[in-house]
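Reviewing the structure listed below.
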Protein chains: 2
Amino acid sequence: MPADEFDVIRSLFAPLATHAGARGLADDAAVITVDGDLVVTTDAIVEGVHFRGDDPIETVAKKALRVNLSDLAAKGAKPAGALLTLIWPNQRPSDEMAAFARGLAEDLERYDVALWGGDTTATTGPLTVSITAFGLPLCERVPARADAKPGDDVWVTGSIGDAWLGFETLEGRWPDAAEACRTCAIARYQTPEPRVAFAEIVARYANASIDVSDGLAADAAKIATASGVALRIEAETIPLSEVARAWRAAHAGYGRLLDWGDDYEILFTAGREHRAAIETGALAVGVAAKRIGAVQAGAGARVLGADGAPMVLGGHAHRLGR
Amino acid sequence: MPADEFDVIRSLFAPLATHAGARGLADDAAVITVDGDLVVTTDAIVEGVHFRGDDPIETVAKKALRVNLSDLAAKGAKPAGALLTLIWPNQRPSDEMAAFARGLAEDLERYDVALWGGDTTATTGPLTVSITAFGLPLCERVPARADAKPGDDVWVTGSIGDAWLGFETLEGRWPDAAEACRTCAIARYQTPEPRVAFAEIVARYANASIDVSDGLAADAAKIATASGVALRIEAETIPLSEVARAWRAAHAGYGRLLDWGDDYEILFTAGREHRAAIETGALAVGVAAKRIGAVQAGAGARVLGADGAPMVLGGHAHRLGR
């Protein structure tokens, strides 16, 4: 990193920090005023683990922010502000830092998030971006992972599996994909779409919720464990995009569609009495939501195949470093 | 990292997350309730840049927290909570993670800080610890870097230069140091003492303040720039520990005592009318504070040697990676 930390912050990121409490990033800390509950989350992404070294640098900035906004959406919270910790490799061209800042600026505006502060430092290792994001709850109650109840429906937003196909495409393992499929799938991998608009539906109706980052099966299991219940999911009902359906048409089985992760959809449970309201709400905010199973007494999460037998699924496998 | 993220969090860090809003770290986000201003800061430390690869792992955990608590103290805020992002090298023995958690637990208790959440991930690069810390202002106003006024005194807490001597000792460049000096200096480098108790003095009397991390000269220059004033500091008045005086007795000049950084002292300016109150307050909280110069009209920070001529000082040089 040729320029020193102070110069980098001032020239690239200070213009993004327009919130008064950010003090133009020219202070040791930010000061924010809160009246009530604040939802706080932090997620880091590491080159070679959560993104590829040759992913466009603007998309790295966006992904770092979006994976955090996805957590806020899953908690029924509206994004408010973020802190950026940028750990920049000595070997990476510093002119990419301007493109990183540009990508971040676009998404801060797109999702109406204020940059409140941050830190930049050099590393001998891979590019690492750690973001802390702050949100305001849209309802009084912030849905936990621990509140699923037997009898609840299990729902998921959007579609599952596209990020894996994007990764497969980039790795050259889906050479016969149509061009449109390639583009869509890569976009889902590099710039996942956090379901920010759906946060108000979650806030109103979800008992338990989580964002799908480690794979649908693994994240369903987290709800099951935290809630002390069992989740039964029917594989055939899991929403797949056109891209994933195209992949399935050319391959046997599901591959890693259901357990590779990086989907950044919202998996949640809700009482059956809210079915109509959730469907109407989903239409109103323009994010698809689909029922994929039920909460039962018991333990663990099972995804049942078309034959009714539990599928053997993993999770976390999208971590390149493993 | 042999164990998966979820297991690591649950077994090591969840017991530290006793605050209800942390949800036992078993959720996507923490929920904290705030009534008024929240001071928020984030600082990352990277192996080979901010600490040495062979520093005891407990001290790495402590240093990561303490550099953030130092920022809060410089803003006159009492620590409340923290988020930990732990980016663990694939190659580092995972049993060190328990020692890391132990070191962190000791300091969370020592400084009365709640662990509100975090993230763990693997890396092919160096150990990296990013912490976001939250504090509550002890007075209504949170001192900025930008509020130094001509006529103010310049003050600094504790003593300057010991961290550099600790680093020199670890690098084998101060072989003739007395054993007591070695021990003290290394402790200042590995486990700096954030001036948490002094925060209330800063909150009450400081116009501008900053924590000394990048070197006294560089950090004084940041106050000067942010405030649009000049800082004049007399080198002879800068407080040195016994260790630093021992080093000076055996060497010519100051070496990097005044500009190497990592001191984590508080540098602040205050009106002359507060001299007596600051001295009394410092005694009461048990943290030394010393007047080392004055704020004047003009620009930049100068440290004047015994001959009255400005010394040539750097900053940031403690970054090993540079």
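Below is a table of values for the structure above.
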read-out: Net dipole in debye of the stretch B:104-263 [+1 Lys, Arg Cβ; -1 Asp, Glu Cβ; about Cα centre; nearest 20]; value: 340
read-out: Beta bridge orientation in the protein assembly as shown: antiparallel %, DSSP, nearest 5; value: 70
read-out: Listed residue (A:61, B:191, A:297) projecting farthest to the positive dipole end of the protein assembly as shown, Cβ model; value: A:297
read-out: Within a Gaussian network of chain B (alpha carbon springs, distance under 10 Å), most fluctuating of B:195, B:232, B:275; value: B:275
read-out: Expected-Rg normalisation [2.2 N^0.38 Å, Cα atoms] applied to chain A; value: 1.01
read-out: Pseudo-label separations to other copies for residue B:237 - Cα-to-Cβ vector, 7 Å, nm; value: 7.5
read-out: Normalised convex hull volume, the stretch A:216-278, alpha-carbon set, Å³ per residue; value: 116
read-out: Relative contact order (%) - criterion: Cα under 8 Å, at least six apart; region: chain B; value: 23
read-out: Above-threshold pairs, the threshold being 18 Å between Cα atoms, out of B:149/B:222; B:63/B:222; A:78/B:78; value: B:63/B:222; A:78/B:78
read-out: Convex hull volume of the stretch B:186-250 per residue (C-alpha atoms, cubic angstrom); value: 121
read-out: Computed P(r) (all Cα pairs; the protein assembly as shown; 20 Å bins; percent); value: 19, 51, 24, 6, 0
read-out: Contact order relative to length of the stretch A:22-138, as percent, for alpha carbon pairs under 8 angstrom and 6 or more apart; value: 44
read-out: Share antiparallel - DSSP beta bridges, chain B, percent rounded to 5; value: 70
read-out: Segment residue B:171-residue B:277, extension gain: residue separation times 0.36 nm, minus the distance between their alpha carbons; value: 34.0 nm
read-out: Span-like helix ranges in chain B, DSSP H, alpha carbon extent 20 angstrom or more, Kyte mean at least -1.0; value: B:57-74, B:96-110
read-out: Loop sites in the stretch A:112-191: GluC sites (Glu not before Pro), DSSP, at most 10 other Cβ within 10 Å; value: A:140, A:171
read-out: Whole-angstrom gap from the stretch A:11-27 to the stretch A:41-64, using each part's C-alpha centre; value: 23
read-out: Beta carbon of chain B nearest to the axis of the rotation taking B to A, residue and angstrom distance; value: B:125, 1
read-out: Candidates A:162, A:112, A:54, ranked by Gaussian network fluctuation over chain A, Cα under 10 Å, top entry; value: A:54
read-out: Inter-copy spacing of residue A:306 label points, which lie 7 Å from Cα along Cα→Cβ, given in nm from shortest upward; value: 8.9
read-out: Ratio Rg/Rh, restricted to the stretch B:1-123 and using Cα atoms, in which Rh is the Kirkwood radius; value: 0.95
read-out: Coarse-grained scattering of the stretch A:222-322 at q = 0.18, 0.23 Å⁻¹, given as base-10 log I(q)/I(0) from a Debye sum over alpha-carbon atoms; value: -1.07, -1.45
read-out: The stretch A:150-218 versus the stretch B:77-137: alpha-carbon centroid distance in Å; value: 30
read-out: Translational diffusion of the stretch A:26-71, µm² s⁻¹ [Kirkwood Rh, Cα pairs; Stokes-Einstein; 25 °C; 0.890 mPa s]; value: 189
read-out: Exam field: residue B:36 pseudo-label spacings to other copies (7 Å along Cα-Cβ), nanometres; value: 2.0
read-out: Residue B:35-residue A:306 pseudo-label distance in nm [points 7 Å out on the Cα-to-Cβ vector]; value: 6.0
read-out: Most mobile listed residue (A:148, A:14, A:73) in chain A, GNM with C-alpha springs under 10 Å; value: A:14
read-out: Two-decimal Rg to Rh for the stretch A:86-148 - Kirkwood Rh, Cα set; value: 1.12
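No lab work stands behind these numbers, since they all come straight from the coordinates. In this text the structure is predicted, and so the values were computed from the model without any measurement. A quick note on method: Cβ atoms are made from the backbone with ideal geometry, for glycine too, and the neighbour counts reach across all protein chains shown.
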